[in-house]
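> Following this message is one structure expressed as structure tokens.
The values are calculated or read from the model by the stated rules, or taken from the named source; none is laboratory data. These numbers come from a predicted model, not from an experiment. Quick reminder, even Gly has a Cβ in these numbers, built from the backbone with ideal geometry, and neighbours come from all protein chains shown.
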Amino acid sequence: MWPKVQLALDLLDLDEAIEKAKQCVDVGIDWIEAGTPLINSCGMEAVRVLKERFPDHNIVADLKVLDTGFQSVEMCARAGADIVGIAGVATNYTVMSAVEAAKDYDVDIVADLIALKDPVKRAKELKSLGIDYLEYHLSIDEREYAHKSFPFETVKKLSKLPLPLAVAGGLDDEKTPKAVQNGAKVVVVGGYITKSENPKERAASVIEALKPFRE
């Protein structure tokens, strides 16, 4: 059932991440992301533990692979990831290597379009290289320092490509419906939930906001 709601655990502490994930799973979150900060802090243990605790949920390893495509995907797959995130700015050789490993280990690849000046052009190239998902991502630092607002017009352009599109970057219960209306198949919500005093309530508000699109 689309759209999927993906919880981004951009945290440093694994116990905190597990507790917040549990609260969100209880109200219907679909996919769980071991965010880049969590992987940097805890390594593949974060992926392993999340898969052990939530075996019925897709675990996304947001590694943002830039090199050593095969080894990176292999490492994540062996730890239990179902989907591995690579950087769209990586060379075509790295993308091809990652795709090869994904086929060998039966996982999917999501290409993050973060930091690309022409994400639509690159998305077309990435599709031809065999990736499974695209992710349009307005980074935390861009939002904090440049105060950029979410460009839904770019989401709409990307959604016309025949690949499921994930959207990430400052989404909440108001912006997620807009993302879906513009073609997103996966909405990635992080800080709105994880920085809240009541993550379960925030996750439930996102699920409720998307209910009209999921029936």
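> Taking the criterion of being buried (at least 24 other Cβ atoms within 10 Å of the Cβ) and either more than 15 Å from the chain's Cα centre (by Cα) or of a type in the set (Ser, Thr, Tyr) (or both), would at least one residue in the stretch 22-37 satisfy it?
yes
> For a quick check of your reading: which helices (runs of 4 or more DSSP H) sit entirely within the stretch 1-87 and have at least 3 residues that are among the aliphatic types (A, V, I, L, M), at pLDDT 95 or above and touching a Gly at 6+ places or on another chain (Cβ under 9 Å)?
44-53
> Next question. Would you say residue 115 is touching a strand residue (DSSP E or B) at 6+ places or on another chain (Cβ under 7 Å) and not in a helix (DSSP H, G or I)?
Answer is no for this residue.
> Shifting gears a bit: Given the conditions (1) touching an Asp or Glu at 6+ places or on another chain (Cβ under 8 Å); (2) free of Cβ contacts under 8 Å to residues at least 60 places away in the same chain, which single one is not true for residue 195?
Of the numbered conditions (1) touching an Asp or Glu at 6+ places or on another chain (Cβ under 8 Å); (2) free of Cβ contacts under 8 Å to residues at least 60 places away in the same chain, the odd one out for residue 195 is (1).
> Taking into account only those residues within the stretch 165-184 that are of a type in the set (A, V, I, L, M, F, W, C) and in a loop (DSSP other than H, G, I, E, B), which is surrounded by the most Cβ atoms within 10 Å (Cβ to Cβ)?
If we take residues in the stretch 165-184 being of a type in the set (A, V, I, L, M, F, W, C) and in a loop (DSSP other than H, G, I, E, B), then 184 is surrounded by the most Cβ atoms within 10 Å (Cβ to Cβ).
> Could you identify the single residue in 33, 45, 74, 16 that is free of Cβ contacts under 8 Å to residues at least 24 places away in the same chain and of a type in the set (D, E, K, R)?
One residue alone meets the criteria, 16.
> Here's another thing I want to ask about it. Quick one: which of 135, 125, 208, 144 is farther than 19 Å from residue 85 by Cα, acidic (Asp, Glu), touching a residue at least 24 places away in the same chain (Cβ under 8 Å) and not in a loop (DSSP other than H, G, I, E, B)?
208
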